[in-house]
Each structure stands twice: as C-alpha cells, then as structure tokens.
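**Q** Got a structure for you, written out below as structure tokens; questions coming shortly.
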Amino acid sequence: MTLATALPHFGEACLGLALTTALLAFGLSIAAYSRRGSDLALLKSAERSLYLSTATFTLAALVLIFCFLTDNFLVRYVFSYSSSAMPIVYKIAALWGGQEGSLLFWVWISSLYGALAIYFHRHTDRSLIPIAITVFSSILIFFGFLLIYHENPFALFPDVPHDGRGLNPLLQNPSMALHPPSLYLGFTGMSVPFAFAISALVSRQLDSRWIIASRRWTLTAWLFLSIGNLLGAQWAYVELGWGGFWGWDPVENAAILPWFTATAFLHSVMIQEKRGMLKFWNVHLIVISFMLTILGTYLTRSGVVQSVHSFARSNIGYFFLGFLAITLIVSTYLIYSRRKDLRSANIFESFFSKESAFVVNNIALVGAAFIILWCTLFPTASELIVGSRVIVGPPFFNKMLAPLGIILLILTGIGPIIAWRRSSASQFDRNFLWPIIVGIIAMGTSALLGITHWYAVLTAFGAAFVLTTVIEEFYRGTLSRITQFGEPWNIALFRASFRNNRKYGGYVVHVGIVLIFIGIAGSLYKDVYEFEMAPGQTVTFDQYSATLEKFEDRESANQSERYAVLHLESDDQFLSEVRPARFFYKNPEQPTTEVDIYSRWSEDVYFTLGDFHSETGSAKIQITLNPLISLLWLGGLILIAGGFISMLPPMEFQRKNPPTKREAA
C-alpha cells in the first residue's frame, strides 16, 4: 500500500475513532450527571473522551489538508476541488470548498471549541460541565455520522487521475480564502453558549452563572461572524464586478441571521447581570442563535434555496432538518418546563430607562432577523403553496429593513446614556440635549448639500446623534479620572477606556456601526457609466477622465489574463493607473472579472472590463462611482477592533502620583 492510499485510510480511521470517543463522552457525561457530579472519575473520563475526539478530528482534518498539498488526486474530494497548478493558499482553502470538506472543517472547529470550553471551565463551572459535554458530544456525533456514512471526504478512485478539476475560480480570492473559516468559527462558536444554556436549564441553575460563563464565548462567535460577513461583502465587491457589496443572496442572509440574534443577546445579558431581568428572553436568544447556524447550514446544503454560494443539491439537508427538529423539541421542552425559574427578579419601572431601550433594541434586531428569514424562505414557500417560485429581490429587502435600520442606529446612541430604572427630566436634558442638537444640524447640512433621500437624511441625524453620545461618554470618563487622580488627559482617556473595556469597547463598536450606516447611505447615490473604448480613446465622467492606453495579456499555469490599462485623471491631474482584467481559468475552464479600484475617502472609482471585440480592437469598460464606500470598510474594521477591546480583561492601574492637596484634604 502506497502513502497515497494509506493516508486516506488513516483519515477514515481517525473519523471512526472520533465518532466512537464522542459516543463514549456522551454516555459518560450522562452517567456523571445522573450521579449529580459525585463520581468525579466518570466526569474525568467524559472530559478525556471529548479531548480524544477533538484530537482525532484534528488529525483527520490535517490528513485531508496534506492530501491537498501533495496533489493526492486519488482522493475524490481532492480531485474535485484542487489542481496541481493552483497556488498553495487555495489548496488549503479547498478544504472548505466543497460539501465533504466543509463538514469536516465544521466538526473540527466545533470539537476545538468544545474541548477549550470544557478545559477552561472545568473548575470554575463544574456543575455545568456534565450536560455541556453531553451537548458538545451530541454535535460531534451528528457530524461524525454524516462524514462516515454519507459524505466521506476520504473516498478514493480506483485509479489515480492525471490532474484535478480545480477550485471554482470565484473562490480563488484572498477574501474568500478567509471568509468561510471566519463564518465557521462564528457558527460553531455559538455551540458554547448553547451548551451552557442547555446545561443551566437541565440543572435549573438559571441565575447569572451560565451568562457569565458564556458571555466571552458568545462575543468570540459574534466577532468571527462580523469578520466573516465583512470579508464576504468585500469579496462580493471586488470579485463579482457589479459594484455592490450585499445582494441579499439567501446564503448571505443565512450568514448574517445569527449575528442579529447574538447582538441582541450581548445587549440583554447586561440587564440580567445588572437587574436580574430578561432570563426567559436570553435563553431564547441563545437557542435561536444556535438553531440559525444549523438552519443556515441546512439552507446551503439542501437545495431549498437558489444561491451562487450553495453546495450541490443533496439529501443531506434532511439530516440537518432532523437535527434542527430535535434541537427545537428539546429546547422548547426545557424552556417551558423551567418557565417559573426564568421569571425576572425585577420589573420595568419606566419606559424611559436603559432596560426599556435595550428591550426595544432587541425587538428591532430580532424583527430584522425574522424579516430576512421570511423573505429568504418565501420563494420556497410560494412554490410549495401555489406551485410557482415568487422571487423576493433586493428592493423589497431594502424597503422592509431600512426603517428598522434607522431605529437601530438611533437606539445605538440612546441605550448607553439613558439611566437605569427611570430617567428624570434633568437627566434626559443633560444626556440628550447636545446629541439631538448636533443631529438636527447634521440633518439640515445634508439637505443643504443636496442629499434629499429620506434614508440618507435620517442616517445623517442618527450618525451625528450616536457619535455625539459616544464622545460625551469618553469625555465624562476621561474627566472623571483627571478630577480624581490628576492624570494627563491622554493617560486618563486610555485608563478610563481599558479599565472598563467592556463598556468602552462597546462604544467603539457603535462608532463602527455609524460608519457602516454612512457607507450604506452613500450607495444610494452610486453612478454607473458604460463606454466602448479602444486604445488611445479618452472618456469623461463626473469630475474624472480616463484614457485607455493599451490592452495587455499575461499567461500563467493556472489562468490566462487580459488587462485594460487606463490612466485616470481629474482636473488635468494624473491620479492613478488602473488595470481591470478578465481572467480565463484553465481548470476548470471559466472566465472571471477582476476589477480595479481607485479609492479615496469620499468615493471609489470602480473599473470593470467587459467583453473584448477583436474585430474593432475595443472593449466595454464599466465605471462605477461609489460615494463613501470606504467608510463602510473602515467602519467594519473599527467594529471588529471594538469587539476585540470588549473581550480583553479589565486592566487595573496603580497610582504613581501622590494625592493632590484637594484629595488629601
């Protein structure tokens, strides 16, 4: 037996051992819980079985990666998604390029999350561990069963093919190499708070312990979902050649749904920790978030929705539907049977309070998720009911979600500064007077500049309102330290921020959201120009002119490339050379559009090369002006930075300066 055949068989053996040890962890954890954790030997054995399952899933994934790197086309999956001419980075990315590999990648990351969660909480949250292991091992059993009996990534050909089919050219993009693993890290990460929530329900430990244990894991999953969706939008913007960043594709929608519910959870847990309220709501949010990750996987693999991102139609969707149904039944039973334990310790005292603002915020977030889900499934539902598929396009999504978006933007500024329990008139004036004034000024200024679309005008108000509240909060925190400790303003700002990084990291996230909203509003004023151009020809558009200098051809092992070389000018000043292109991939034979973009803070000048006409020596050039699009990408980066800051442990700062005379007195 050669290495080329031995390694896939070893990978299959790893999958079999991983499934066996997951089953063992499942049985041992139930036995340990039935003895109320008194049998530590059983619990330790369950933990070790879960660790062993993680190790063997890891080995299986590494074996498949090695098969890609060594061009082992004897493996059917490697043959289907790789070729010898592909760059190494895309050979690794091919691991999640198809159904079997993506399932293996999913269960591998899930097992790592489970093992890390159990390891880090084995002492601090011992009472939650047995059922948490049961939940983690159940997930591993489900995916392990699919991989071994239905979607084997190590299936072999009888003879070695000469070369592989290659990865879909649209996926051979740096953003796409990072986008799926980021989403998988977000999707699978939701299993940790779900496991703690189920453990709390089973054991009736429904105080804030499970919230505290799962908050950082939820934030981690949320952060990866944010990164994944941002990279997906970036991929769509630079790879598809249409000048947009979000098309409400069903798989795009499936990726963002759990982001909305996880965001709602991260807000409402603060109310449970502070006031002992919204226990019922928080458990539901975690269960829904986890189920949405499974639903998204089902939609991608079942063929229920039509999407350029979907895998081939397969009856594997029925297995996911069954897993989803079991999860729904078990979770619903547990929540219903524990409904008395989930009662809030306090009541709402006023509509004008932080608690009420967070509840309205959560209703808007969950409402947006519901609208997206319903519009995504509506074509399938219409086909089942009336026999014809009614397509719901982007205009309908935009029309339905734009008002909710404005509400969410304004609530982003209200929630942090409104008082707990009840806001008095004086507090309201002190906190909201300047944000409202600045918001009105911004709205009036935008109207004077010719911005008249209602969404853009209200975005100007909301953005100015939120930014003013954030600046006020940073100012108050900094001033407090300057007054109390006599620190210089820059040191006071840093220490105030990182001593309460959860609070101020959230404010940074809000700044990122504001910039994203501004970038989206700018897309309302996008302009598209189309020209038929030959070398030496100059065209003018808006404040720019572009001259086509030449066409240029290149050849590589993986693709043939044709570039249009243009010089971009504005007011007779040379700005940049741009090189939009068309790539013609050899394996598989498929053309792609490669855009080139001249970016400035105010707008992108976005060039797309269309069809080339050999008889005239000309080609179609499409130029799109995208106002303020750079703020969307900047906002995404700031949002991610704020998420990282929120995850950091609070910093303690020792005073080096002696007390001031005022303090000594």
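The values are calculated or read from the model by the stated rules, or taken from the named source; none is laboratory data. Because the structure is predicted, anything quoted here is derived from the model rather than measured. Using ideal geometry, Cβ is built from the backbone for each residue, glycine included, and neighbour counts are taken over all protein chains shown.
**Q** Would you mind telling me which numbered condition in (1) surrounded by 19 or more Cβ atoms within 10 Å (Cβ to Cβ); (2) within 36 Å of the chain's Cα centre (by Cα); (3) over 30 Å from W217 (Cα atoms) G642 fails?
**A** Of everything listed in (1) surrounded by 19 or more Cβ atoms within 10 Å (Cβ to Cβ); (2) within 36 Å of the chain's Cα centre (by Cα); (3) over 30 Å from W217 (Cα atoms), G642 misses just condition (3).
**Q** Check whether at least one residue in region 223-237 is closer than 23 Å to D125 by Cβ and in a helix (DSSP H, G or I), and report yes or no.
**A** yes
**Q** Taking region 378-430 on its own, how many of its residues are of a type outside the set (K, R) and closer than 19 Å to V360 by Cα?
**A** Of the residues in region 378-430, the ones of a type outside the set (K, R) are 378-388, 390-398, 400-420, 423-429.
Imposing the further condition that a residue be closer than 19 Å to V360 by Cα reduces the set to 400-420, 423, 428.
Matching residues across region 378-430 total 23.
**Q** So which helices (runs of 4 or more DSSP H) stay within region 1-112 end to end and still have 1 or more residues that are within 33 Å of the chain's Cα centre (by Cα), in contact (Cβ under 8 Å) with a residue 60 or more places away in the chain and farther than 30 Å from L171 by Cβ?
**A** Counting at least 1 such residues, we get 3-34, 40-69.
**Q** Same structure, new question: Pull out all pairs, ordered by first then second residue, where Cβ-Cβ is under 9 Å, the residues are six or more apart or on different chains, the first lies in region 639-651 and is more than 12 Å from L266 (Cβ to Cβ), and the second is assigned to a loop (DSSP other than H, G, I, E, B).
**A** P650/N500
**Q** To continue, here is another question. Just name the residue that is nearest to I118 (Cα to Cα) out of those in region 139-196 that are touching a Pro at 6+ places or on another chain (Cβ under 7 Å) and surrounded by fewer than 22 Cβ atoms within 10 Å (Cβ to Cβ).
**A** L156
**Q** May I ask you to list the residues in region 387-437 that are surrounded by fewer than 20 Cβ atoms within 10 Å (Cβ to Cβ), assigned to a helix (DSSP H, G or I), among the aliphatic types (A, V, I, L, M) and modelled with pLDDT under 90?
**A** Matches in region 387-437: A425, L433.
**Q** Quick check on this structure: which one of I629, I623 is touching a residue at least 12 places away in the same chain (Cβ under 8 Å) and over 21 Å from L548 (Cβ atoms)?
**A** Matching residue, one of I629, I623: I629.
**Q** If you go through region 116-152 one residue at a time, how many are in contact with a Ser or Thr (Cβ under 6 Å, 6 or more places away or on another chain) and over 22 Å from Q205 (Cα atoms)?
**A** Counting residues in region 116-152 that are in contact with a Ser or Thr (Cβ under 6 Å, 6 or more places away or on another chain) and over 22 Å from Q205 (Cα atoms) gives 2.
**Q** Could you grab me the full set of residues in region 557-590 that are closer than 21 Å to N173 by Cα and free of Cβ contacts under 8 Å to residues at least 60 places away in the same chain?
**A** Listed by number, the residues that qualify are S560, E561, R562, Y563, A564, V578, R579, P580, A581, R582, F584, E589.
**Q** If I go through region 569-596 residue by residue, how many of them are assigned to a strand (DSSP E or B), surrounded by 19 or more Cβ atoms within 10 Å (Cβ to Cβ) and hydrophobic (A, V, I, L, M, F, W, C)?
**A** 3
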